[in-house]
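Trainee: Pasting a structure below so you can have a look.
The values are calculated or read from the model by the stated rules, or taken from the named source; none is laboratory data. These numbers come from a predicted model, not from an experiment. Here the Cβ is made from the backbone with ideal geometry for all residues, glycine too, and neighbour counts use every protein chain on show. Heavy atoms of the whole protein, side chains included, go into the accessibility calculation; ligands, DNA and RNA do not. Shrake-Rupley method; radii C 1.70, N 1.55, O 1.52, S 1.80 Å.
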Amino acid sequence: HPQVRRDRPGACPLCGMALEPLAPSAEAEDHSELDDMRRRFWISAALCLPLLWAMLGELLPAVDPMRLFGHRALAWGQLLLATPVVLWAGWPFFVRGWDSLRHRSLNMFTLIALGAGAAWAYSLLATVFPAALPDSFRTPMGSVPLYFEAAAVIVTLVLLGQVLELKARSQTSGAMRALLKLAPRIAHRVKDGQEEDVGIEDVQAGEPLRVRPGEKIPVDGRVLDGSSHVDESMLTGEPLPVRKQAGDAVSAGTVNGSGSLLMQAEHVGAETLLAQIVQMVAQAQRSRAPI
């Protein structure tokens, strides 16, 4: 939601998804949320395996835990296994679901919190106070159906989805950081016949710049003097260097070959082609598909 602005990472109050940085940064990304979700998922998956056995046991009567342990013991065992999955591993989903109610913007986490919470709470009641439920809730065997495995599996599958999404976002952010690092931080400005090193942020459009052999071109511009071959594979994918001479355009981040070039800066900062590519990727990551 583009209207949501925060000065720190967190969850969107409208959809519950993680907020994206407005501007890409070359600094190392914080992976704490991904690490936390991955840890919650693996612990939940381990606890869900016995619960799945209890659920699939109905299809295989020979290994049905209901016959092996009895309904009462199985109910308490499921309670002990499902409670940490729902209340600990799934706690972030309940927080986001509650936030969706506070902001009156129902979303995916509203459904997850309601579904998993209702299944767990009902099963808790059926385990601790089975006599409080009417006879119409009972099976022909006299037991009350439990849904601990449903609540735990819901949380575990959503955690898996969060891990996959956060991992994909991390890879995209890594690609943007790699793009940002392609541009050099220093440019050689030519002034009164003398070269001086200046920060890339201090370069102004129209200034002459010297690009030495083997260096990256600092900004978008046009060659004034000299000739060389420039590796533009980071933009075009073409592995063969392209010959550049006076009058030809050059782009920031491309690599100069063995010749020396004198160029004139035309597009600097956020106006360079490289910066626009990074901005487009960042915008795509912040946006949602219309569907």
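Trainee: Quick one: how many residues across region 191-220 are surrounded by fewer than 16 Cβ atoms within 10 Å (Cβ to Cβ), hydrophobic (A, V, I, L, M, F, W, C) and more than 21 Å from Val278 (Cα to Cα)?
Mentor: 0
Trainee: Suppose the filter is open to solvent by 70 Å² or more (accessible area, probe 1.4 Å), at pLDDT 90 or above and closer than 21 Å to Glu201 by Cβ; does His229 pass it?
Mentor: So His229 does not fit the description; no.
Trainee: Quick one: what pairs do we get from region 129-140, first residue open to solvent by less than 70 Å² (accessible area, probe 1.4 Å), second part of a helix (DSSP H, G or I) and at pLDDT 75 or above, C-beta under 8 Å, 6+ apart or different chains?
Mentor: Matching pairs, first to second residue: Leu133/Leu125; Leu133/Ala126.
Trainee: Restricting the search to region 72-104, which residues are open to solvent by 30 Å² or more (accessible area, probe 1.4 Å) and hydroxyl-bearing (Ser, Thr, Tyr)?
Mentor: Thr83
Trainee: Test of understanding: among Leu261, Leu273, Leu224, which residue is under 23 Å from Ala175 (Cβ atoms) and either in contact (Cβ under 8 Å) with a residue 12 or more places away in the chain or in contact with a His (Cβ under 7 Å, 6 or more places away or on another chain) (or both)?
Mentor: On the way: Leu261 fails: under 23 Å from Ala175 (Cβ atoms); Leu224 fails: under 23 Å from Ala175 (Cβ atoms).
Just one listed residue meets the conditions, Leu273.
Trainee: Now, a different point. Would you confirm, using the coordinates I've provided, whether Arg177 is open to solvent by 20 Å² or more (accessible area, probe 1.4 Å), basic (Lys, Arg) and touching a Gly at 6+ places or on another chain (Cβ under 9 Å)?
Mentor: So Arg177 does not fit the description; no.
Trainee: Which of the residues spanning region 239-268 are out of contact with any helix residue (DSSP H, G or I) (no Cβ under 7 Å at 6 or more places or on another chain) and among the small types (Gly, Ala, Ser)?
Mentor: Ala246, Gly247, Ala249, Gly257, Ser258, Gly259, Ser260, Ala265 - these are the residues of region 239-268 that are out of contact with any helix residue (DSSP H, G or I) (no Cβ under 7 Å at 6 or more places or on another chain) and among the small types (Gly, Ala, Ser).
Trainee: Here's something else I'd like to know. Scan region 47-69 for residues that are at pLDDT 65 or above and open to solvent by less than 60 Å² (accessible area, probe 1.4 Å) and jot them down.
Mentor: The answer is Leu47, Cys48, Pro50, Leu51, Leu52, Ala54.
Trainee: Do we have any residue at all in region 220-233 that's farther than 30 Å from Gln3 by Cβ and in contact with a helix residue (DSSP H, G or I) (Cβ under 8 Å, 6 or more places away or on another chain)?
Mentor: To start, the set of residues in region 220-233 that are farther than 30 Å from Gln3 by Cβ comprises 220-233.
The next check asks that each one be in contact with a helix residue (DSSP H, G or I) (Cβ under 8 Å, 6 or more places away or on another chain); those that pass are 220.
Yes: region 220-233 contains one or more residues that are farther than 30 Å from Gln3 by Cβ and in contact with a helix residue (DSSP H, G or I) (Cβ under 8 Å, 6 or more places away or on another chain).
Trainee: Every residue in region 82-140 that is of a type in the set (S, T, N, Q) and assigned to a helix (DSSP H, G or I), please.
Mentor: Once the filter is applied, which keeps residues that are of a type in the set (S, T, N, Q) and assigned to a helix (DSSP H, G or I), region 82-140 yields Thr83, Ser100, Thr110, Ser123, Thr127, Ser136.
Table: residues versus (1) assigned to a helix (DSSP H, G or I); (2) of a type outside the set (A, V, I, L, M).
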residue: Val163; (1), (2): yes, no
residue: Lys167; (1), (2): yes, yes
residue: Ala175; (1), (2): yes, no
residue: Pro184; (1), (2): no, yes
residue: His188; (1), (2): no, yes
residue: Val198; (1), (2): no, no
residue: Leu209; (1), (2): no, no
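Trainee: Further, regarding this structure: What about Phe41, is it assigned to a helix (DSSP H, G or I), at pLDDT 95 or above and either open to solvent by less than 40 Å² (accessible area, probe 1.4 Å) or acidic (Asp, Glu) (or both)?
Mentor: Criteria met by Phe41.
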